[in-house]
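Below is one structure, written out as structure tokens; the observations come after it.
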Amino acid sequence: MSLQAADRPLDELHDAMLLDLDGVVYIGPEAVPAAPEAIGKARAAGAKVAFVTNNAGRTPARIAEHLTQLGVPAFPSDVVTSAEAAARLVAERHPKGSDVLVVGDTGLRQAVRRMGLNPVTVDDPSVVAVVQGYSRSINRDLLDQGALAVARGAFYVAANADATAPGEWGHTPANGAFVRVIAHATGVEPVVAGKPMRPLHEEGMLRTGATDPLIVGDRLDTDIEGATTHGAAGLLVLSGVATPRDLVAAPPHRRPRYLAWDISGMNRTHPAPERNGERTLCRGWTITTTDGTVRISGSGETLDGLRALCVAVWSDENVDPTGPSVIEALRTLGL
């Protein structure tokens with residue numbers, strides 16, 4: 001996968017926008033400044049919008065309420081959470097009424113209950129599965145109960161494996177960090193329901209009726225890898241977790257089709273860098289790779305320079321994406 005051109009705005013080329021939330025639409029309690037207007041424009045262009053999040057802590061209703069307060073009108077049916085995907089994985093394997101130990105918050109407990117399963121918080125021989133999702137109030141007792149059940153043989157599902165999440169104070173531990181506690185204690189790896197696995201985006205496509213969605217996210221290892229898994233278009237935004245250095249060093253299965261500073265990139269056209277021998281050009285920028293060394297020249301929009309640098313590095317296996325010449329090129333771009 002490499003960066004591609006779009007001669008029309010992405011919200012006109014694709015029939016649905018599957019939007020990650022944390023780092024894309026909001027960060028902590030505040031909206032990303034560009035988000036309300038960008039989502040409004042996408043809807044006005046005729047694109048369906050679904051909010052597809054690995055956060056299993058809150059219910060779709062609470063997320064929809066939060067979005068509406070931020071100026072992004074939303075209904076609970078517009079929100080697809082990893083809690084729903086995780087609960088579905090258990091429901092496909094065990095009969096209704098089965099006891100499921102929930103290591104997580106209200107959103108996960110409600111998702112389990114909606115699937116006809118019985119959420120519990122204490123291990124017992126009747127517990128058939130452990131489902132773990134993000135909670136800001138996770139405690140030692142609940143982790144202990146989950147570990148006991150998993151060690152006993154209960155089916156172990158993680159809503160997602162994100163190690164960190166962007167917040168108002170910076171990047172803080174997310175569900176994947178706490179999943180490692182139970183996995184390390186028991187030696188059992190969970191089945192992961194959320195991105196980059198398929199269930200979340202598939203549910204988003206079902207709800208919107210999409211056949212050619214645009215997947216918008218700020219993480220290479222979940223959003224963009226998830227897009228690649230589906231063979232769908234992925235737009236990476238740099239308003240959240242991923243940095244320009246992360247992007248340049250991304251392996252093929254984590255490379256986006258499009259790149260933008262923020263979610264407003266889905267309302268715009270996109271240039272494609274052109275590779276010609278050792279030179280890669282994007283508008284006013286030229287990146288030359290010779291004997292594993294990168295040289296940058298030109299001027300213009302910083303994002304176009306980053307586009308050119310990414311394609312140059314991805315196209316030349318002799319270039320170390322973490323090497324000094326690449327770092328210097330990023331510094332030249334002010335990144």
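The values are calculated or read from the model by the stated rules, or taken from the named source; none is laboratory data. Everything quoted here is computed from the prediction, not taken from an experiment. For neighbour counting, all protein chains shown are included, and Cβ atoms are generated from backbone atoms with ideal geometry for every residue, glycine included. The accessibility values were calculated without ligands, DNA or RNA, using every heavy atom of the protein model including side chains. Shrake-Rupley method; radii C 1.70, N 1.55, O 1.52, S 1.80 Å.
Tell me the relative contact order for the chain as a rounded percent, counting alpha carbon contacts under 8 Å between residues six or more apart. Show your work: numbers first, answer last.
Details: 760 pairs, mean separation 65.5, N = 335.
Averaging sequence separation for qualifying contacts and normalising by length gives 20 percent for the chain.
Step through the residues of the range 225-233 one at a time and calculate ³J(HN,Hα) from phi using the Karplus curve (6.51 cos²θ - 1.76 cosθ + 1.60, θ = phi - 60°), rounding each to whole Hz and writing x for Gly and Pro.
Here the 3J(HN,Hα) series is 4, x, 4, 4, 4, 7, x, 9, 6 Hz.
What is the extension gain from residue 202 to residue 164, computed as 0.36 nm multiplied by their sequence separation minus the C-alpha to C-alpha distance, in nm to one decimal? List each step's numbers first, then the result.
On the way: separation 38, 0.36 × 38 = 13.68 nm, distance 2.37 nm.
So the chain would gain 11.3 nm between residue 202 and residue 164.
If R0 is 45 Å, what FRET efficiency do you get for residue 136 and residue 253 from their C-beta distance, rounded to 0.05? Working shown, then result.
Values: r = 31 Å, r/R0 = 0.69.
Taking R0 as 45 Å, the efficiency between residue 136 and residue 253 is 0.90.
Over the chain, with the other protein chains present, what is the accessible area per residue in square angstrom, probe 1.4 angstrom?
Numbers: 14060 Å² over 335 residues.
For the chain, the solvent-accessible area averages 42 Å² per residue.
Calculate the length of the line joining the C-alpha centroid of the range 241-317 to that of the range 125-182, in whole Å.
With the range 241-317 and the range 125-182 each reduced to a Cα centre, they are spaced 37 Å.
To the nearest 0.05, how large is the calculated FRET efficiency for residue 96 and residue 246 if R₀ is 35 Å and r is the Cβ-Cβ distance?
0.25
So, by mean Cβ neighbours within 10 angstrom, what's the order for 286-297, 19-30, 82-93 with the highest one leading?
Details: 286-297: 17.4, 19-30: 21.4, 82-93: 23.7.
The densest-packed peptide leads the list: 82-93, 19-30, 286-297.
Between residue 318 and residue 126, what length comes free when the chain is fully extended (0.36 nm per residue of separation minus the Cα-Cα distance, one decimal in nm)?
Numbers: separation 192, 0.36 × 192 = 69.12 nm, distance 5.62 nm.
Contour length minus Cα-Cα distance gives 63.5 nm.
Give the Cα extents of the range 93-189 along the principal axes, in whole Å, largest first.
Principal-axis extents of the Cα atoms in the range 93-189, largest first: 41, 29, 22 Å.
Between residue 229 and residue 184, what is the label-to-label distance in nm when each label sits 7 Å out along the Cα-to-Cβ direction?
2.4
Please report, as a whole percent, how much of the solvent-accessible surface of the range 73-222 comes from carbon and sulfur atoms (probe radius 1.4 Å).
56
Relative contact order for the range 127-273: what is it in percent, counting Cα pairs under 8 Å that are at least 6 residues apart? Show your work: numbers first, answer last.
Working: 224 pairs, mean separation 24.0, N = 147.
Reported relative contact order: 16 percent.
From the gyration tensor of the Cα coordinates in the range 253-312, what semi-axes in whole Å does the equivalent ellipsoid have, largest first, with each one equal to sqrt(5λ)?
Details: eigenvalues 93, 33, 17 Å².
The answer is 22, 13, 9 Å, longest axis first.
Please state, rounded to one decimal and in Å, the Kirkwood hydrodynamic radius that the chain gives when every pair of distinct Cα atoms enters the mean of 1/r. Mind showing how you got there, number by number?
On the way: mean 1/r = 0.0482 Å⁻¹.
The Cα-based Kirkwood calculation yields 20.7 Å.
Could you grab the relative contact order for the range 62-153? Cα pairs under 8 Å, six or more apart, rounded to a whole percent.
Details: 124 pairs, mean separation 23.7, N = 92.
In percent, rounded to a whole number, it is 26.
What residues qualify as long-range amide H neighbours of residue 164, i.e. H under 5 Å apart, gap of 5 or more or another chain, H built at 1.01 Å from N?
Residues meeting the criterion, in which the H sits 1.01 Å from N, are 174.
Rounded if a/c is under 1.5, else prolate if a/b beats b/c, else oblate: with a ≥ b ≥ c from the C-alpha gyration tensor eigenvalues square-rooted, which is the range 228-335?
Prolate shape, in that a/c is at least 1.5 and a/b is the bigger ratio.
For the range 5-115, what Kirkwood radius comes out of the mean inverse Cα-Cα distance, in Å? Intermediate results must be reported in sequence, preceding the final value.
Numbers: mean 1/r = 0.0658 Å⁻¹.
Result for the range 5-115 stands at 15.2 Å.
Return the distance in nm (one decimal) between the two label points of a simple spin-label model at residue 171 and residue 332, each offset 7 Å from Cα along Cα→Cβ.
2.6
Could you compute the FRET efficiency for residue 7 and residue 37, with r as their C-beta to C-beta distance and R0 at 22 Å, rounded to 0.05? Provide the component values of the computation, followed by the final result.
Numbers: r = 22 Å, r/R0 = 1.02.
After rounding, the FRET efficiency stands at 0.45.
Enumerate the amide H contacts of residue 238 below 5 Å, restricted to partners 5 or more residues apart or on another chain; note that Pro and chain-start residues carry no placed amide H.
Placed amide hydrogens put 260, 261, 262 under 5 Å from residue 238.
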